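Engineer: One structure is given below, represented as structure tokens, and several questions about it will come after.
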Amino acid sequence: MSGIFKAYDIRGSYPDELNERIATRIGEAFVHLLNKPKIVLGRDMRLSSPSLSSAFTEGALRGGASITDIGMVTTPRLYYAIIQGKFDGGVMVTASHLPAEMNGFKLCREKAIPLSGDHGLPVLESMVNSKPLQPYSQATEDSYLKSEFLNTYIDKLTTFVHQPKKLKVAVDAGNGMAGEETSQLFQKVPEWELIPLYLEPDGRFPHHVPNPLLPDTTGDLQRMVVEKKADLGVAFDGDADRCGFIDEKGKRVPEDLVTALIAEFLLTKTAGITILYDLRSSRIVPETINRLKGRVVRCRVGHAFIKTEMREQKAVFAGELSGHYYYKEMGYTDNAMLTMIHMLNSLSLKGERLSDLILPLQKYYSTGEINLQVNDKEAIFTALESACPDAKKDHLDGLTVEYDSWWFNLRASNTEPLLRLNLEADDPNTREKKKREVLQIIKQTDSSMTIKD
């Protein structure tokens with residue numbers, strides 16, 4: 001695949017890479033791929049989303065589909081609509097956390113099973129780039145309907161609220177799609193006091209790009225948490241399938257420690273459940289799950305792989321270092337709003353401050369993800385494997401090298417032309433020493449190596 005067709009979705013800059021003509025072709029091809037389906041369509045608040053949605057609809061109707069348009073929604077609500085409405089597929093017009101000039105499509109089959117680079121997207125790309133497709137049938141008056149699924153979705157989310165206690169919660173929606181659902185949810189749970197920040201949808205993103213993983217996007221939220229004495233801060237990405245958390249001291253909480261904390265809450269409620277974690281996560285994640293007698297499964301990076309593995313393993317929950325958290329009870333989909341609920345559940349259950357809950361989980365020392373631009377990826381993997389003859393190694397996703405006191409994973413990004421390095425050690429001195437050694441081997445192998453922000 002190339003151009004706007006990525007490993008997990010379709011995205012590009014508007015209108016030079018992705019425009020209405022291409023969107024119409026994508027809609028038509030998607031219908032043919034799913035064999036004349038009943039489709040649900042949602043979109044985010046980007047300025048180009050209405051016209052791209054209309055163009056996709058034109059192509060899909062031309063292909064013979066029936067469309068239920070649920071308007072401006074979060075991606076998790078679209079997933080819910082696909083499952084609840086028993087649709088044959090769904091599409092979300094969004095570029096998620098990317099800047100305002102970008103847009104794209106997230107495409108699903110029935111049960112919100114995603115199209116990806118391994119399943120569906122390469123065929124779709126070929127169809128989009130081929131000659132015009134034969135229309136199945138003419139659209140009828142019943143071929144295009146409108147709905148919203150908001151009330152039933154919020155009602156579903158509130159079923160997960162567990163013995164709520166009085167908590168102050170600062171929420172930064174980043175002018176993305178989380179604002180409406182956040183307001184509705186907090187009205188249903190009066191014990192939670194909402195401290196709003198940038199809840200109004202605005203596709204220009206006037207305050208910051210909606211990417212909670214970037215430290216410079218959460219500064220306002222961190223200050224708000226401290227100023228208002230909030231118990232928790234939550235930052236959502238543009239389409240609200242990812243989130244990040246701030247403790248009551250205004251400090252960012254590592255995403256893999258959120259996985260451990262939610263796993264702890266879920267295992268307290270139901271013993272022995274299966275939980276997945278992505279292989280970049282801290283060792284504290286499997287240690288926590290094992291300590292609480294859960295069944296733990298290590299998995300590849302990426303939502304398409306994780307959702308497939310969850311179904312195969314009958315997992316209840318999965319957490320990813322990128323801030324995606326997945327739930328069986330939501331159709332094996334990622335849901336940031338439910339993640340916020342479970343974090344608040346944890347605070348209510350333990351009756352402790354978030355920083356105190358996180359402290360025992362901060363056992364190891366991580367480099368964080370280091371992005372590397374290189375020319376010769378294969379030579380680098382070979383050199384690193386040869387340099388660690390006595391280590392435990394595997395190739396589940398890239399190369400993982402494990403020693404007793406430290407480990408690292410190096411993998412090719414699924415979304416960018418980069419290598420991504422994650423390294424963790426028992427102490428900060430070992431972390432810095434081993435990071436230097438690994439980077440030195442990479443640099444000696446490929447002198448073009450540069451570290452990207």
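The values are calculated or read from the model by the stated rules, or taken from the named source; none is laboratory data. Keep in mind the model is a prediction, meaning the values are calculated, not measured. Note that we place each Cβ from the backbone using ideal geometry, even for glycine, and neighbour counts take in every protein chain shown.
Engineer: Applying the selection to the stretch 155-179, what residues are aliphatic (A, V, I, L, M), in a loop (DSSP other than H, G, I, E, B) and in contact with a Pro (Cβ under 8 Å, 6 or more places away or on another chain)? Walk me through it before giving the result.
Structural biologist: Residues of the stretch 155-179 that are aliphatic (A, V, I, L, M), as a first pass: 157, 161, 167, 169-171, 173, 177-178.
Pick out the ones that are also in a loop (DSSP other than H, G, I, E, B) and you get 161, 173, 177.
Matches in the stretch 155-179: A173, M177.
Engineer: Of the numbered conditions (1) at pLDDT 95 or above; (2) touching a strand residue (DSSP E or B) at 6+ places or on another chain (Cβ under 7 Å); (3) farther than 24 Å from L349 by Cβ; (4) in the same structural domain as T182 (by TED's automatic domain parsing), G219 satisfies every one except a single condition; which is it?
Structural biologist: G219 satisfies all of (1) at pLDDT 95 or above; (2) touching a strand residue (DSSP E or B) at 6+ places or on another chain (Cβ under 7 Å); (3) farther than 24 Å from L349 by Cβ; (4) in the same structural domain as T182 (by TED's automatic domain parsing) except (2).
Engineer: Output the residue which, of all residues in the stretch 379-397 that are assigned to a helix (DSSP H, G or I) and more than 28 Å from the chain's Cα centre (by Cα), is surrounded by the fewest Cβ atoms within 10 Å (Cβ to Cβ).
Structural biologist: S386
Engineer: Check G63 against each of (1) under 24 Å from the mean Cα position of the chain (by Cα); (2) assigned by TED's automatic domain parsing to the domain that holds D142 and name the one condition it does not meet.
Structural biologist: For G63, the failing item is (1).
Engineer: Further question on the same structure: Checking the condition over 30 Å from K251 (Cβ atoms), outside the structural domain of R291 (by TED's automatic domain parsing) and in contact (Cβ under 8 Å) with a residue 24 or more places away in the chain, which residue from L423, L384, L399 passes?
Structural biologist: Numbers: L423 fails: over 30 Å from K251 (Cβ atoms); L399 fails: in contact (Cβ under 8 Å) with a residue 24 or more places away in the chain.
None of the others qualify; the one that does is L384.
Engineer: Okay, next question. Among the residues of the stretch 312-366, write down those that are more than 15 Å from T259 (Cβ to Cβ) and small (G, A, S).
Structural biologist: G331, S348, G351, S355
Engineer: Could you count how many residues in the stretch 237-278 are within 21 Å of L221 (Cβ to Cβ) and touching a strand residue (DSSP E or B) at 6+ places or on another chain (Cβ under 8 Å)? Break it down into steps so the answer makes sense when it comes.
Structural biologist: First, pick out the residues of the stretch 237-278 that are within 21 Å of L221 (Cβ to Cβ): 237-259, 261-262.
Those left that are additionally touching a strand residue (DSSP E or B) at 6+ places or on another chain (Cβ under 8 Å): 237, 239, 241-248, 250, 252-256, 258-259, 262.
Selection size over the stretch 237-278: 19.
Engineer: Give me the strands (runs of 3 or more DSSP E) completely within the stretch 72-154, filtered to those with at least 3 residues that are within 17 Å of V31 (Cβ to Cβ), modelled with pLDDT of 95 or more and assigned by TED's automatic domain parsing to the domain that holds S53, ordered by residue number.
Structural biologist: On the way: elements: 89-93, 102-109, 144-146.
Ranges flagged: 89-93, 102-109.
Engineer: Helices (runs of 4 or more DSSP H) wholly in the stretch 278-361 with at least 1 residues that are outside the structural domain of D404 (by TED's automatic domain parsing) and either among the small types (G, A, S) or at pLDDT below 95 (or both) - which ones?
Structural biologist: Values: elements: 284-291, 303-313, 336-350, 354-358.
In the stretch 278-361, the matching helices (runs of 4 or more DSSP H) lie at 303-313, 336-350, 354-358.
Engineer: Residue check: is K393 among the basic types (K, R) and either in contact with a Leu (Cβ under 9 Å, 6 or more places away or on another chain) or closer than 17 Å to D278 by Cα (or both)? Quick ask: steps written out before the conclusion?
Structural biologist: Working: among the basic types (K, R): yes; either in contact with a Leu (Cβ under 9 Å, 6 or more places away or on another chain) or closer than 17 Å to D278 by Cα (or both): yes.
Taking the combined requirement at face value, the residue satisfies it.
Engineer: Restricting attention to the stretch 35-56, which residues are under 15 Å from K106 (Cβ atoms) and either part of a helix (DSSP H, G or I) or at pLDDT below 95 (or both)?
Structural biologist: S49, L52, S53, F56
Engineer: Can you tell me how many residues within the stretch 25-53 are in contact with a Ser or Thr (Cβ under 9 Å, 6 or more places away or on another chain), surrounded by 20 or more Cβ atoms within 10 Å (Cβ to Cβ) and not aliphatic (A, V, I, L, M)?
Structural biologist: Residues in the stretch 25-53 being in contact with a Ser or Thr (Cβ under 9 Å, 6 or more places away or on another chain), surrounded by 20 or more Cβ atoms within 10 Å (Cβ to Cβ) and not aliphatic (A, V, I, L, M): 7 in total.
Engineer: Do we find a residue being aliphatic (A, V, I, L, M) and without any contact (Cβ under 8 Å) to a residue 40 or more places away in the chain anywhere in the stretch 303-326? Don't jump to the end; show me each part of the working.
Structural biologist: Start the filter on the stretch 303-326 by keeping residues that are aliphatic (A, V, I, L, M), which leaves 304, 306, 310, 315-316, 318, 321.
If we keep only those that are without any contact (Cβ under 8 Å) to a residue 40 or more places away in the chain as well, we get 306, 310.
Yes, the stretch 303-326 contains a residue that is aliphatic (A, V, I, L, M) and without any contact (Cβ under 8 Å) to a residue 40 or more places away in the chain.
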